[in-house]
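Below: one structure, written as structure tokens.
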Amino acid sequence: MTSSVSLSSSPRPSKSTIEQQTGSTASSRLSSFIDRLPPWISANLRAKKSWKMLARCWLASWIAFVVLLPEKSVRTLGNAAFFTLLGSMFVPPNMPLQIFLFALFTIVLGVCLGWAFGAAAMRAALAARSQTLLRAALQKEAQSTAGLANPDALFQASIFEGVFLDTRSSAVFGAFLGVGVFFFALIRAYAPRLIITSVFATIAIDIFCSYGPLFPFAEYTLMNSLLTSLACYIAIGVVVIIFIFPESLNHAVLTSTSGLLSKVKSLIDMQEDVLNAPISDLVGDGAVLTRVTGARVAIVAGLQGLKSQLPMLDLEFNWGRWNGDDVKGLDKHISTVIPRLAAVQSFAKLLGTTLDTSSSPSRASGSEAPTQDASYTTGTSGVSDTELLRQLRSRHHAHSLDIPPADLVPILRDATHQLRAACASALAACISIIDVVNTKRYARGSNAELDSRAAELDTTIEQLGSALTGFKDSDRLALLEPFRDILEAERARVPGDGKGEPPLRSLCIMYVFAANMVTAGEAIKALGEYVSTMTHKRRRNRLWAPKGLRMIGKVLTQRGTDSEGGTGEDPVSSQEKSEKDENPYKTDPDAMPPSNIVQKLANNLHVVYLWTKTPEAMFAFKYTAITIALWIPSVVKTSASEARVQNRTPSLDKSLGSAKSRGSPYGMAASVGVFLIPLVFCRIFAPAQYLPGVLMVCATWTLIVGYSWLDGHIQVLGDVGIGWPVAWRRWVLVMIGCAASFIMMILPPTSARKSVRLRCASIMSSLSHLYSHLMAAWIDEVVPTEDGKEGMPRGTEWVQDFREKIIAVAQQLQTLKMQAAIARFEGNIRGAWPSKEYNKLVEVETEMTANLAMLAGSLVQLDHGTRVRLLRHTRVVNPNFISEVVSMFLHISQSLRTAEPLHQAQKHNLVDRVFYHSEGPYLHTVDEDADAIKPNHVESVMSYDFMFYASGVVAVFQLLQNINEARNITARLCGEVRFEGFEEWREKYGQVRAPVASTGKTES
């Protein structure tokens, strides 16, 4: 009885509660399903802005198809009416208005260029046609149709059956087609941003040269239907962009800027997790390390996307507070912040490697490293860069007072907490102001809100300045507190007492994070000051007129990034970009400069001959050859009629909306509207590596659906039918094109895998130039003057030049990762592709980029006078050592570029070479400054400049490890020439030389 009462008294869930629980379960299941999708899909499914963009683009594409449904409009548009829908697939309205118009301008430009070539070909072909044969053919055709019901229709049919084909006329058309297509292929190769122009120009000239030979008279209006259809889509796109979630380019750029700064802020906030994470989260595929790596990739991609929008920023009418130049000023400061954060991004991996006790010394440095080697004793009191490198090389230092790195991490976290918080607050304040400026363009009373945000920004800038000053004066000293006993012992140590050098390895590693947070903090402070200045300067919204229209041609013709390449495999172009610093010094090893007119002419011919071997020329030749080969059947009498019928094969998908009739407009509109949703989503959100395939799918679907409707509602040539019986014909034509493309691709063969290897070589060469750039700045002893004349090129301008170069390399690495992922699907005909090795090489090159950025940040912060005085005690700038590093860079690059093996005699650990070169003399001067940082001054370790000096030394050490690893990977990929007995002799020589070096004697 008690149990029954208990059961009856228990509250029953209400209907609303059950519905809420059911809805919550469904929502969780949906969220779980979305999480399993690729990131580019899941992120856009959750983004409100993406749904708005999808709605706008879907509506434009759907309207572009609906225009084909009424009988009057489809007859007005003509046989090429499907280009209305095709245009929406090639250039969807997912961009601001002026960029959309420029993109459509490239399409119209291409059609007009093709039209011009075609019209010229028709004029020349008519002049070349045999008039005698033409009169005979016309007379014969007139006699055959005399007395029939519809002679005009029969005459038109005879034209498309190839009755009036003429060999000389067809040859002229073929010549113009070859020249035109070759020219358009070069446009595609040298100006990838005009790829749409090239495609549509090829389409236009192909139409003219395929149909032109059939006509016995001039017919220059073959492009009317196509251009009318494109004009229809232009109108649709403009209306949709203006009235459906309108957005100016200025608004789009500020939105991208706000999003990029949010990612930067997230990365800074993430450092709290890095400094609190267990070792397992910082090594391998650890959760925190994966998040940091993902943040780095997202930041580089965001910066790349932002920079791609800037060139056209001044080409629009814009209503708002900030004009194009103001927004471009933001980019300059952001481009300073991001490279300085490169070391902060890589600190997570450095910390994980340092704390991971399972990593052996040999794995850390590339060769076995003893904990204490008498041959490396410097004989000086204090700490030099050689001693710091030796401690970094040895994971466990032989010193009784050694401080474990794990003990310093909490101190580092607390010491930098205020600085990190101030950086994050300053970025948040900048983001809030950018959002107000961007979203309150038409709102009244927005000045009060902006003034409030500006006051908040000014406060955060002051707090950031105070945090930087506080860290310099006091907070950083907390990192030195655990080393007080070590430094006191070092102060009292007698030089040469054999007690060893003070263990500062842990301190140097902590200084990497601290130093780069300082450099990043100063860049963020400069960004905040710029935003504050613009906020107080631009007090009201106004209309900004466009300017700088001369930039249009430059924007359209510049090559852009590697991801915009038009030839697929483009190794030489990438190589030329990476080696542009070498071009002024190149000479012809086989001939002296030409001295007379004959030699100059021969030299020009030789240049043309060399050009024919470039990827751009080979692409143009292949493009032309395959076009001519597939064009020939259309001008042969036995195949001309069938070729045109098959090129208009209708759609299998039409049956979904039209059942067994010619097609219901309502059913087709509904069916196409449903299928457009996933197609448009993939078209506007697919990553760059998938975009060519997505475009192919969208274009094929458009042709099938468009032709299906047109074939049932306007007069067409031939009985093409509807449904399954003819679907295979379209597939056969596509396969013929694919087979022809494959044949041309393998003559000579090209490979995505080879492209990955060549681009790895190109980036390695670029890294060698960056290293040389930094070394030139490090050894520069010229003091920059205030007037900016003496010493300017190496004194200050190197910073801006280096920043642009390292951002370009980072973007190339981003593209290379995508190419390496695609290359895996090429097939294993000759054997499995070592994808893991190439991915590891790309990762190593990415780490090199971060370490070079870390070194650059240290050099920027290091006082000029201090840096010059430190040259006398810095062995990593030993000219012989610099030569070895540059040589190793070039050996690796050359081996990857030529696929030739490395030589075993060239293999050596660059960290060991630092110690080798540290035994020689180094620079001395008479006027030693008593306040300079010297190896025999313990106070140098406690100075502010030593933090940047130590960070730079760690950057060099990490870079040398990266080069060693890259050399080992290259040897496994390209091979290594054996030198019998060399390793044994090197080992014996080192054993004999070590005691000699330690006693300071000279070898005989």
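The values are calculated or read from the model by the stated rules, or taken from the named source; none is laboratory data. Predicted, not measured: the structure shown is a model, and the values here were computed from it. A quick note on method: Cβ atoms are made from the backbone with ideal geometry, for glycine too, and the neighbour counts reach across all protein chains shown. Areas reflect the complete protein model, heavy atoms only, side chains present, ligands, DNA and RNA absent. Shrake-Rupley method; radii C 1.70, N 1.55, O 1.52, S 1.80 Å.
Do any helices (runs of 4 or more DSSP H) lying entirely in region 816-898 carry at least 2 residues that are within 20 Å of Ser772 (Cβ to Cβ) and aromatic (Phe, Trp, Tyr), and which ones are they? Those helices (runs of 4 or more DSSP H) span 879-898. Within the bounds of region 443-457, is there any residue that is in contact with a Cys (Cβ under 7 Å, 6 or more places away or on another chain) and at pLDDT below 95? Yes - at least one qualifying residue is present in region 443-457. When region 659-708 is filtered for residues that are farther than 21 Å from Val732 by Cα, of a type in the set (Phe, Trp, Tyr) and either surrounded by 18 or more Cβ atoms within 10 Å (Cβ to Cβ) or touching a strand residue (DSSP E or B) at 6+ places or on another chain (Cβ under 7 Å) (or both), the ones remaining, listed by number, are Phe681, Phe685.
Looking across Arg986, Arg967, Arg993, one residue alone is assigned to a helix (DSSP H, G or I), crowded, with 16+ Cβ neighbours inside 10 Å and either in contact with a His (Cβ under 9 Å, 6 or more places away or on another chain) or at pLDDT below 85 (or both). It is Arg967. Quick one: would you say Val886 is within 24 Å of Glu976 (Cβ to Cβ), modelled with pLDDT of 90 or more and open to solvent by less than 20 Å² (accessible area, probe 1.4 Å)? Taking the combined requirement at face value, the residue does not satisfy it.
For the list (1) outside any helix (DSSP H, G or I); (2) in contact with a Lys or Arg (Cβ under 8 Å, 6 or more places away or on another chain), I need the number of the one condition that Cys57 fails. Single failed check for Cys57: (1).
For region 285-332, residues that are closer than 25 Å to Asn541 by Cα, assigned to a loop (DSSP other than H, G, I, E, B) and open to solvent by 10 Å² or more (accessible area, probe 1.4 Å) total 5. Take the residues in region 452-492 that are under 20 Å from Ile431 (Cα atoms) and of a type in the set (Ser, Thr, Tyr), then tell me which one is farthest from the chain's Cα centre (by Cα). Residue satisfying both the conditions and the ranking: Ser452. Scanning region 395-405 for residues that are out of contact with any helix residue (DSSP H, G or I) (no Cβ under 6 Å at 6 or more places or on another chain) and not polar (S, T, N, Q), we see that the one that is modelled with the highest pLDDT is Pro404. Within region 418-474, being open to solvent by 10 Å² or more (accessible area, probe 1.4 Å), touching a Phe, Trp or Tyr at 6+ places or on another chain (Cβ under 7 Å) and in a helix (DSSP H, G or I) holds for one residue alone: Lys472. So for region 150-157 (the condition being closer than 24 Å to Pro633 by Cα and either at pLDDT 80 or above or open to solvent by less than 30 Å² (accessible area, probe 1.4 Å) (or both)), does at least one residue qualify? No, the conditions are met nowhere in region 150-157. Of the residues making up region 204-213, those that are under 17 Å from Val108 (Cβ atoms) and crowded, with 20+ Cβ neighbours inside 10 Å number 3. Scanning region 404-452 for residues that are among the small types (Gly, Ala, Ser) and farther than 30 Å from Met947 by Cβ returns Ser432, Ala443, Gly445, Ser446, Ala448, Ser452.
Counting the residues of region 901-918 that are out of contact with any strand residue (DSSP E or B) (no Cβ under 8 Å at 6 or more places or on another chain) and either open to solvent by less than 10 Å² (accessible area, probe 1.4 Å) or within 13 Å of Asn964 (Cα to Cα) (or both) gives 9.
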